[in-house]
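**Student:** Here you go, one structure.
The values are calculated or read from the model by the stated rules, or taken from the named source; none is laboratory data. Computed from a predicted structure; not experimentally measured. Ideal geometry is used to build each Cβ from the backbone, glycine not excepted, and the neighbour counts take in all protein chains shown. These area figures cover heavy atoms from the full protein model, side chains too; ligands, DNA and RNA do not enter into them. Shrake-Rupley method; radii C 1.70, N 1.55, O 1.52, S 1.80 Å.
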Amino acid sequence: MSMEEHLHSLTTEMRNEGTMNIDRMDTMDIISAINKEDLKVAVAVQEVLPEIETAVDWACESLKKGGRLIYIGAGTSGRLGVLDAVECPPTFSTSPETVVGIIAGGNKAYVHAIEGAEDKKEFGERDLIKAALTADDTVIGIAASGRTPYVRGALDYAKRMGAKAVALSSNKNASITGAADLGIEVVVGPEVLTGSTRMKAATAHKMVLNMISTATMIRMGKVYENLMVDVHVSNQKLKERAIRIIETVTDADYDHAMEMLEKANNQVKPAIVMIKTSSDYVQAMELLEKADGDVRKAISNGEI
């Protein structure tokens, strides 16, 4: 099968029967058509929740062993991975090396399209070599079409190195699935604009990446109840959020919450433990360390 014939067989490249006349629609009809298609995305993601669960379990295993969660892709897919990765440090106080986003063509490709960067398998392998990939890492290769050579090369290399390899695509029986330990195939159907996978496919992949990183961080003890207790206090807005979290969890007033946050070196988790267990910073950190960073366990242990 030629590349042209193969592309025509992909769901992501098929024409959407409902938008054949979109160029003759008025504005309300255009955006209504887009919205109608977008409503299908969450349903498609729901279909692959078991596969997402496995990816989260693997990511947790990697982080517990000192490994990393690595996203790799080209174009829009690469940008989505980078976006999810760079949000983890401020949200969960992870180091920039914990969740890593790699895009074909390098960081400059995030804002400028780098033509041809996705066409060579060896470039995907090369970029993972540069990232010093180990068997402790989990690699998620992202490609809407499921056939991007750059991503295929990265997943091939990840498997050879013994890392967990996950393929995220929007086509059934995607080529990159065959290169991975696990395939997450979120089939959202033909796009409003034929082949424009920055739309439904990208929305679906953003949802999946949100789930993977967020669920992983929850499992790693970076959330208490539904609060971001590992938020990185790097500006005044985030400091105010941290104080509100401490107030909410401990029923402390604003001034006491702020005082304890400052005594805890602007870390929310030990501040909460200090208040809930009447401990000092050193004791709170010891409780958290014994509880593997889990605030609920640290409080329980401190109250014994």
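**Student:** So which residue, out of 35, 21, 265, gets the largest mean-square fluctuation from a GNM of the chain using Cα contacts under 10 Å as springs?
**Tutor:** Of 35, 21, 265, the most mobile in the Gaussian network model is 21.
**Student:** Label 7 Å along Cα→Cβ of residue 235; the range 88-118 residues with amide nitrogen under 14 Å?
**Tutor:** Answer for this model: 90-91.
**Student:** Which whole-number percent gives the relative contact order of the chain, counting Cα pairs below 8 Å spaced six or more residues apart?
**Tutor:** 18
**Student:** While we're looking at this one, here's another question. Over the C-alpha atoms of the range 201-304, what are the Rg and the largest Cα-to-Cα span, Dmax, in Å?
**Tutor:** Rg then Dmax for the range 201-304, in Å: 14.7, 50.
**Student:** In addition: GNM on the chain, C-alpha springs below 10 Å: top fluctuator among 277, 12, 177?
**Tutor:** So, out of 277, 12, 177, the one fluctuating most is 277.
**Student:** Something else about it: Which of these values of Cα Rg over 2.2 N^0.38 Å was calculated from the structure shown: (1) 1.08; (2) 1.02; (3) 1.14?
**Tutor:** Computed from the coordinates, Cα Rg over 2.2 N^0.38 Å corresponds to (3).
**Student:** Pairing the Cα long axis of helix 49-64 with the longest principal axis of the chain, what angle in degrees results, from 0 to 90 and rounded to the nearest 10?
**Tutor:** The angle comes out at about 50 degrees.
**Student:** Per residue of the range 177-184, in order, report the coupling 6.51 cos²θ - 1.76 cosθ + 1.60 (Karplus, θ = phi - 60°) as ³J(HN,Hα) in whole Hz, putting x for Gly and Pro.
**Tutor:** 4, x, 8, 10, 7, 8, x, 10
**Student:** Here's a follow-up. Between residue 253 and residue 282, what is the spin-label point distance in nm, taking each point 7 Å from the Cα along the Cα→C-beta axis?
**Tutor:** Going from the residue 253 label point to the residue 282 one covers 3.0 nm.
**Student:** Using θ = phi - 60° and the Karplus form 6.51 cos²θ - 1.76 cosθ + 1.60, what ³J(HN,Hα) does each residue of the range 24-35 get, whole Hz, x for Gly and Pro?
**Tutor:** In residue order, the calculated couplings are 10, 7, 7, 4, 4, 5, 5, 6, 5, 5, 5, 4 Hz.
**Student:** At 1.4 Å probe radius, can you tell me the per residue accessible area of the range 148-304 in Å²?
**Tutor:** 45
**Student:** Could I ask something else about it? For the range 61-180, what is the largest minus smallest coordinate of the Cα atoms on each principal axis, given in angstrom and ordered from greatest to least?
**Tutor:** So the extents along the principal axes, rounded to whole Å, are 34, 31, 26.
**Student:** Under the Karplus relation 6.51 cos²θ - 1.76 cosθ + 1.60, θ = phi - 60°, what is the ordered set of whole-Hz ³J(HN,Hα) values for the range 94-102, x standing for Gly and Pro?
**Tutor:** Taking θ as phi minus 60°, the curve returns 7, 6, x, 8, 7, 10, 10, x, 10 Hz for the range 94-102.
**Student:** Now for a separate question. Measuring from a point 7 Å past the Cα of residue 289 along Cα-to-C-beta, which residues in the range 258-276 have an amide N at less than 20 Å?
**Tutor:** 263-276
**Student:** Counting other Cβ atoms within 10 Å, which GluC sites (Glu not before Pro) in the range 199-296 have at most 10 and lie in a DSSP loop?
**Tutor:** 225
**Student:** Could you tell me how far the Cα centroid of the range 66-82 sits from the Cα centroid of the range 104-181, in Å?
**Tutor:** A separation of 9 Å, based on Cα centres.
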